[in-house]
Amino acid sequence: MEFKHYIGVDISKDTLDFAVCCQGQIILTLVAENTKKGISQAMKQLRKVPGFAMTTSLFCMEHTGVYNYHLQQYLHSCKSHVWLETALRIKQSQGMLRGKNDQVDAGRIAQYAYLFREQARLWKPLEGVIKQLKLLIVMRDRLTTILTQLNVPLKENSLFMDKEMAKMEKKGFKNTLSALKKDLKGVEQEIDKLINQDPELKRLFRLVTSVDGVGPITAINIIAVTNRFDDFSDPKKFACYSGVVPFQHQSGTSIRGRTRVSHLANKKIKTLLNLAAMAAIQMKGEMKEYYQRKIAEGKNKMSVLNAIRNKILLRIFAVVKRATPYQKNYSLALV
């Protein structure tokens, strides 16, 4: 779709900086408060631009999490087109830069949207159930992180401190740990409830967890990140997004580095896939046999584990596409 105006938005907690680009030139810049009232006032100014219309404009912004919320909701209600882009992609596209402030950044984002308009990936709001699932996942992650931060020092200190001191420390955190564990259990129950109440979530959860090594936490995270496999339908693209695809590192005859995975990835999904691979090689079946065979051949342990991570992803996408649970001893019928 061809747009008339490209609006770059630099988002911060308190303010929004807008830059309007038309035919490659910045024709207007303005600043607004990051509130519903501030956004409404900014849109009134934008509508005064000759030929401007919300439905024929592309708003491009970096993904800053909750700070985007008010603007995204307003633009969605106006049927505007929104492009959420990573800060790194915008930065790398602009080469060597000098100077930086919010107004300049908004202009650079607007120019980026104009120059790469053919590659625009339009944002669409998530369904309510996925939004709830993502929020519950974040809540669970926070609680488990805090519990780990408290539990690990307690266990380590008990090995080296005086018994009375260790006992006093443990007693001091007793109520806090108990409350955190209770909250964590409640969040996990809400996740289970949400999955069981939604037929599609329940179906996908059953399919994904049928793959060897894939547990409930890995399953719900993959379902949430892929937006119930609507945003990712190709396992190879998702493997690249997850950072488990090896790339060559060589140039001419002087640079010949070993093949390696990229550090630009969803680190959380990569970690979960690694845990799934570790679990899979402990289970009786083809994954364990494959791992043992490759190690016996002298293959690098991490390379083999990465191959298993890829195999797990391929199986996950296959069972979802096929709509049948994973079968360990699947064999083709002879005709």
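Calculated FRET efficiency, Arg322 and Ala166, Cβ-Cβ r, R0 45 Å, to nearest 0.05? Calculated value: 0.25.
Panel order for Phe229, Phe18, by other beta carbons found within 10 Å of each beta carbon, from fewest to most: Phe229, Phe18. Axis of helix 128-160 versus longest Cα principal axis of the chain: the two differ by about 50°, to the nearest ten degrees.
Which entries in Lys185/Lys267; Lys193/Lys299; Lys237/Lys284; Lys44/Lys267 show an alpha-carbon gap greater than 32 Å? Table pairs above 32 Å Cα-Cα are Lys193/Lys299; Lys44/Lys267.
Axis of helix 216-225 versus longest Cα principal axis of the chain: the two differ by about 20°, to the nearest ten degrees. Taking Cα atoms, how many degrees apart are the long axis of helix 286-296 and the longest axis of the chain, rounded to 10 and kept between 0 and 90? Compared with the principal axis, the helix lies near 80 degrees. The stretch between Asn227 and Leu126, if pulled fully straight at 0.36 nm per residue, gains 35.6 nm over its current Cα-Cα span. Taking the fewest neighbouring Cβ atoms within 10 Å as the starting point, the ordered list for Ile27, Ile109 is Ile27, Ile109. Overall, the chain carries a charge dipole of about 760 debye about its Cα centre when +1 sits on the Cβ of Lys and Arg and -1 on the Cβ of Asp and Glu, all other atoms neutral.
Shape class for segment 1-130: rounded, because the ratio a/c of the largest to smallest gyration tensor axis (alpha-carbon atoms, square roots of eigenvalues) is under 1.5.
Each helix, a run of at least 4 DSSP H residues, gives -39500 (n - 2.57); summed and divided by the residues of the chain, these come to -18000 deg cm²/dmol at 222 nm.
Neighbour counts of C-beta atoms inside 10 Å place Phe52, Phe173 in the sequence Phe173, Phe52, starting with the fewest.
To the nearest whole percent, what portion of all C-alpha pairs in the chain is separated by more than 26 angstrom? Tail fraction, whole percent: 63.
Any read-out appearing in this document is the output of simple, stated calculations on the displayed coordinates, not a laboratory observation. What you are looking at is a predicted structure, and each value in this text was computed from that prediction instead of being measured. Cβ atoms come from the backbone with ideal geometry, glycine included; neighbour counts cover every protein chain shown.
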